[in-house]
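The values are calculated or read from the model by the stated rules, or taken from the named source; none is laboratory data. The model shown is predicted, which means the values in this text are computed figures rather than measured ones. Ideal geometry is used to build each Cβ from the backbone, glycine not excepted, and the neighbour counts take in all protein chains shown. What goes into the accessible areas is simple: the full protein's heavy atoms, side chains included, and nothing from ligands, DNA or RNA. Shrake-Rupley method; radii C 1.70, N 1.55, O 1.52, S 1.80 Å.
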Amino acid sequence: MNTFLEQKFEIGESNDIEMYKQFVTNYVKIEQCVAVLSDYQTDCSYIFAGNFGSVFGLPNENSIIDSAFEECIFSKINSEDLIERHVLELNFYEFLKGIPREEYCNYSTLSRLRMKDSNDKITYINHRTIYLNTFNNGSISLALCLYLPSTDLQPRAGIDGKIFNIKTGEVIASERYKNNTENILSIRETEVLTSVAKGNKSEQIAAEMHISVYTVRRHRQNIIEKLKVANTAEAVQTAIVMGILSL
């Protein structure tokens with residue numbers, strides 16, 4: 001979610017990265033899972049791989065990557081599940097905006113994802129996201145993603161994504177956050193994206209809507225930024241899963 005890289009970080013504010021690295025190191029030693037500690041302030045990630053890391057082809061040791069997003073793991077996950085997971089993260093981010101920032105770390109996502117192991121066999125994993133550190137201006141500086149084996153091996157569609165309170169176990173009703181993301185695009189942006197989904201170019205969209213090509217391109221860029229995707233093709237896929245588009 002590129003939005004976190006666009007945040008403002010005050011000079012001199014500490015995210016206590018070394019403390020959290022030690023916490024995560026000890027946790028992985030116990031759980032033998034894979035944990036990714038993402039530092040949005042410096043755009044890098046620390047990967048801690050227990051024995052479960054072999055499923056992703058990760059070495060059984062800690063490593064650093066020059067990105068706040070673990071593409072080395074994402075590339076192993078089913079593409080449809082990855083999109084649903086992305087939508088869940090957007091929902092999570094929108095939900096957190098409505099609660100005090102000091103409570104962010106009390107909530108987590110949970111989803112079940114499909115992936116292919118080193119033998120090209122479909123397996124199921126559980127994924128969680130927790131935002132660990134938030135600065136005074138509301139910027140989220142550290143995120144923790146956990147990857148563990150799932151005990152639920154029943155084949156079915158969807159990731160069973162949910163947001164829950166870690167302290168109480170309460171699962172947050174989707175009505176508390178889904179309406180926020182369904183309205184994440186303006187009416188005009190939704191119209192532009194609908195036309196993009198039909199295969200129309202910017203020039204065609206401009207003529208169809210009686211606006212300039214520059215305005216269409218600006219709308220397209222705004223859509224990409226709001227949905228935290230790399231291009232309009234991903235934006236269409238994400239918007240369909242979110243219920244913004246129905247083609």
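Taking θ = phi - 60°, what integer Hz values does the Karplus form 6.51 cos²θ - 1.76 cosθ + 1.60 yield along region 35-48, in sequence order, with x for Gly and Pro?
Coupling constants for region 35-48: 10, 10, 9, 9, 9, 6, 5, 10, 6, 8, 9, 10, 9, 10 Hz.
At 1.4 Å probe size, what's the solvent-accessible area of K167? Round to the nearest 10 Å².
Surface accessible to solvent at K167 totals approximately 150 Å².
For helix 187-197, report the angle its Cα long axis makes with the longest principal axis of the Cα atoms of the chain; keep it between 0 and 90° and round to the nearest 10°.
80
So what does L110 come to for accessible area, using a 1.4 Å probe and Å² rounded to 10?
50
What's the Cα-based Rg to Rh of region 101-247, Rh via Kirkwood? It would help to have the intermediate numbers written out before the result.
Numbers: Rg = 18.9 Å, Rh = 18.1 Å.
Taking Rh as the inverse mean 1/r over Cα pairs, Rg/Rh reads 1.05.
Per-residue counts of other Cβ atoms within 10 Å, averaged by peptide: what ranking do you get for 228-235, 206-213, highest first? Mind dumping the intermediate values first?
Values: 228-235: 16.4, 206-213: 13.4.
Final packing ranking: 228-235, 206-213.
May I ask for the angle, rounded to the nearest 10°, between helix 17-31 and the longest principal axis of the chain, with both axes built from Cα atoms and the value confined to 0 to 90°?
With both axes taken from Cα atoms, the answer is about 70 degrees.
Might you report the magnitude of the Cβ-based charge dipole of the chain about its Cα centre, with Lys and Arg at +1 and Asp and Glu at -1, to the nearest 20 debye?
Numbers: 25 positive and 32 negative charges, 109 e Å.
In total the dipole reaches around 520 debye.
How far is helix 232-242 tilted off the main Cα axis of the chain, in degrees rounded to 10, range 0 to 90?
That helix lies at roughly 80 degrees to the long axis.
How high is the relative contact order of the chain, in percent, counting Cα pairs under 8 Å that sit 6 or more residues apart?
Details: 398 pairs, mean separation 44.6, N = 247.
Taking the mean separation of contacting Cα pairs over the length of the chain, I get 18 percent.
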